[in-house]
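> Mind having a look at this structure? Questions to follow.
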Amino acid sequence: MRAGNSTVIFNADAKADLGQVRLLTVPVEVSIRRCRFDDLPMLEWYSEDGHDTDVVLATYEAQSHGEAVMLVAEANGVVCGQAWIDLTRFALDCTGAIWAIHVTPCMRNVGIGTGLIAAAEETLRDMHFEHAELSVEKSNADAVRLYERLGYCRIPTTLSLDCAITSDPYPSWCRQINGFCASRCESSRIGQLTL
């Protein structure tokens, strides 16, 4: 998003109904970059319970060893989104796992999530990965729509040790990001045993 002049819109109808209301359209420049150590306290509040300090620190440590990349979206000096990439989980398949995608609720639906995923895919392409994979809760319809709009396809359900189809509450989605091979999305881990 490009920074520009703020626009103040006075809504007369809203004033009559709710008292004096001013609607502001405020363009904000958002940059996406690698996470720095001083960003870490802001990332903790993205978790469901707010107590994922160990996960945040472990992922930052993995980033320092080249095993992960933590991307953050920043607006006016404040972290407003994140996307993390695990470079090791599916490395043998030339697939990077994008996870911990989150955008501050008041900044959603303006393109930040799309920008974070695009930046994650670009990072993976630059590292010669062929696919990007991510998971999402089945109940998160907004995220599912976003991933489908971006060209991600659902990876078929895996089989358990007793050959029963598992009901995965976090189904995986895959997208080819380099033009080498499309087979992961079509045949990925079908029949793979899961514990």
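> If I go through the stretch 22-32 residue by residue, how many of them are loosely packed, with under 13 Cβ neighbours inside 10 Å and modelled with pLDDT of 90 or more?
2
This table checks each residue for (1) of a type in the set (Gly, Ala, Ser); (2) surrounded by fewer than 17 Cβ atoms within 10 Å (Cβ to Cβ); (3) modelled with pLDDT under 85.
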residue	(1), (2), (3)
Cys94	no, no, no
Ala100	yes, no, no
Ala119	yes, no, no
Leu146	no, no, no
Phe180	no, yes, yes
Ser183	yes, yes, yes
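> Looking only at residues that are of a type in the set (Gly, Ala, Ser) and in a strand (DSSP E or B) in the stretch 94-119, which one is farthest from Thr53 (Cα to Cα)?
Residue satisfying both the conditions and the ranking: Gly96.
> Of the conditions (1) out of contact with any Pro (no Cβ under 9 Å at 6 or more places or on another chain); (2) farther than 23 Å from Arg36 by Cβ; (3) of a type outside the set (Phe, Trp, Tyr); (4) in contact (Cβ under 8 Å) with a residue 12 or more places away in the chain, Asn140 satisfies every one except a single condition; which number is it?
(4)
> Output the qualifying pairs, or none if there are none: Cβ atoms under 8 angstrom, residues six or more apart or on different chains, first residue in the stretch 93-112 and within 13 Å of Trp173 (Cα to Cα), second residue crowded, with 17+ Cβ neighbours inside 10 Å and of a type in the set (Phe, Trp, Tyr).
The qualifying pairs are Thr95/Phe129; Gly96/Phe90; Gly96/Phe129; Ala97/Phe90; Ile98/Trp84; Trp99/Trp84.
> Let me ask another. Looking only at the stretch 148-175, how many residues end up being at pLDDT below 80 and part of a strand (DSSP E or B)?
Going through the stretch 148-175 one residue at a time, the tally reaches 3.
> Let me ask another. In this structure, is Glu122 over 11 Å from the mean Cα position of the chain (by Cα), outside any strand (DSSP E or B) and either within 17 Å of Arg154 (Cα to Cα) or among the hydroxyl-bearing types (Ser, Thr, Tyr) (or both)?
no
> How many of the residues making up the stretch 68-113 are within 23 Å of Val28 (Cβ to Cβ), β-branched (Val, Ile, Thr) and in contact with a helix residue (DSSP H, G or I) (Cβ under 7 Å, 6 or more places away or on another chain)?
4
> Does the stretch 43-50 include one or more residues that are at pLDDT 95 or above, in contact with a Ser or Thr (Cβ under 7 Å, 6 or more places away or on another chain) and not hydrophobic (A, V, I, L, M, F, W, C)?
No.
The values are calculated or read from the model by the stated rules, or taken from the named source; none is laboratory data. Just so we're clear, the structure is a prediction, and the values are computed from it rather than from any experiment. Backbone-built Cβ (ideal geometry, glycine too); neighbour counts: all protein chains shown.
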